[in-house]
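For reference, the structure is listed below as structure tokens.
The values are calculated or read from the model by the stated rules, or taken from the named source; none is laboratory data. None of these values were measured; they are calculated from a predicted model. Cβ placement follows ideal geometry from the backbone for every residue including glycine, while neighbour counts extend to all protein chains displayed. These area figures cover heavy atoms from the full protein model, side chains too; ligands, DNA and RNA do not enter into them. Shrake-Rupley method; radii C 1.70, N 1.55, O 1.52, S 1.80 Å.
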Amino acid sequence: MKYKIIEISPVSGALGAEVSGVDLSEPVTKKALTEIKSAWLEHQVLFFRDQTLTPDQHVAFTKNFGELQGPGYMPTLDGYPNVYVQEYPGLYGGIVSDVNWHIDASFMEKPLKGAVLYALDVPDVGGDTAWVNLYAAYESLSKPMQKLCASLTAIHDNFHKNLTAVLETYGAKGYEMARKATPPNEHPLVCKHPETGKKCLFYSELLISHFKELTAEENKILKEFLQQHIQKPELYCRFKWENNSIAFWDNRCTAHKGIFDFGQSHRLMHRVAIQGETVPSK
Ligand SMILES: [Fe+2]
């Protein structure tokens with residue numbers, strides 16, 4: 001038996017596993033942490049149920065995996081600069097397009113390593129989140145398509161699809177500041193995971209404006225193809241939130257999207273993310 005302390009139940013054939021046998025409000029033992037890290041690398045996104053966490057405990061658990069992301073232009077919890085507040089309806093809903101598939105902050109030189117998302121108040125129905133396995137997204141391409149993708153450089157731009165929302169919420173001055181803080185960056189479309197060494201299709205639909213090497217016409221066609229490709233049901237899992245559920249994903253080999261099917265119902269999540277440690281590379 002690979003895991004002695006935690007129990008693992010995969011949630012789909014693609015990726016994702018529910019973890020039980022651990023209380024994340026307590027300091028996690030070294031042995032349990034080793035198992036969680038290993039399950040995280042293997043399953044790419046881990047889900048925990050019935051965890052009651054204060055913001056301090058949420059921060060403490062996430063710190064086990066690296067340095068935390070500091071405040072940006074998204075709302076954070078008073079007194080907790082690392083706890084991002086994602087609340088619908090509300091300010092957050094007006095400034096992001098996370099209903100598109102994306103790798104969090106893939107526009108950074110070192111995109112986030114991972115994130116721990118905690119549900120405080122979710123609708124009874126709707127508001128699921130889906131994660132796609134970017135290893136499988138690469139592996140399921142034909143060899144010639146893998147070769148083409150491996151030859152491309154993607155430009156990741158925070159304002160590729162968010163520009164209108166940011167301008168409406170913050171105005172031109174706010175946009176200018178945000179533009180300076182988050183300039184576009186380029187990454188290979190096919191990257192090697194720094195820990196597993198496996199290749200993945202580092203495709204962030206929300207943030208990739210274009211591929212440097214292609215013409216406008218070729219970009220349009222390839223982006224349409226990749227968009228269709230990564231949303232194949234056999235490549236993703238879908239998680240139904242309950243209050244006190246947690247999702248902890250590896251942002252280097254997954255993309256995710258929120259499913260906005262809950263109208264005006266209240267949905268409140270806290271997110272603590274782990275800073276990127278490596279520049280994505282081939
Ligand atoms: Fe996200």
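Could you give the length gained by full extension between Asp56 and Asp261, i.e. 0.36 nm per residue of separation minus their alpha carbon distance, to one decimal place?
Contour length minus Cα-Cα distance gives 70.7 nm.
All other residues whose Cβ lies under 14 angstrom from that of Ala136 are scored, Lys and Arg at +1 and Asp and Glu at -1, for a net of -1. For the residue pairs Lys31/Lys232; Lys161/Lys198; Lys180/Lys220; Lys63/Lys220, the alpha carbons lie more than 32 Å apart in Lys31/Lys232; Lys63/Lys220. For segment 7-274, the Cα-based Rg and Dmax, in that order, read 18.1, 54 Å. Extension gain, Glu87 to Glu242: 0.36 nm times the residue separation minus the Cα-Cα distance gives 54.3 nm. Protein heavy-atom surface of segment 1-58, 1.4 angstrom probe: 53% of the accessible area is carbon and sulfur, with nucleic acids and ligands not counted. Bridgeable aspartates and glutamates around Lys257 (alpha carbons under 14 Å apart, same-chain partners fewer than 8 residues away excluded): Asp98, Asp104, Asp128, Glu205. The local environment of Ile8, defined by Cβ-Cβ distances under 11 Å, has a net charge of -3 under the rule Lys, Arg +1 and Asp, Glu -1.
Centre-to-centre separation between the Cα atoms of segment 222-282 and those of segment 97-149: 4 Å. Tally Lys/Arg at +1 and Asp/Glu at -1 over every other residue whose Cβ is under 14 Å from the Cβ of Thr34; what's the total? Net charge in that neighbourhood comes out at +2. The residues of the chain present an accessible area of 46 Å² per residue when probed at 1.4 Å with all protein chains retained. Within the chain, no helix built from a complete DSSP H run reaches 27 Å or longer along its own axis (Cα positions) while carrying a mean Kyte-Doolittle hydropathy of 0.5 or higher. For segment 209-244, the residues whose amide N sits under 14 Å from a probe point set 7 Å from the Cα of Asp124 along the beta carbon direction are 243. Of all DSSP bridge pairs formed entirely within the chain, close to 95 percent run antiparallel.
Report in % the part of the accessible area of segment 166-282 that belongs to carbon and sulfur, leaving out ligands and nucleic acids; probe 1.4 Å.
Of all accessible area on segment 166-282, carbon and sulfur atoms account for 53 percent.
Residues of segment 57-87 with an amide N closer than 12 Å to a point placed 7 Å from the Cα of Ser25 along the Cα-to-Cβ direction: 57-58.
Here is the list for segment 207-253: GluC sites (Glu not before Pro) lying in DSSP coil, each with at most 13 other C-beta atoms within 10 angstrom of its C-beta, are Glu213, Glu242. Placing dummy labels 7 Å off each Cα toward the beta-carbon, the span from Thr215 to Glu7 is 5.9 nm.
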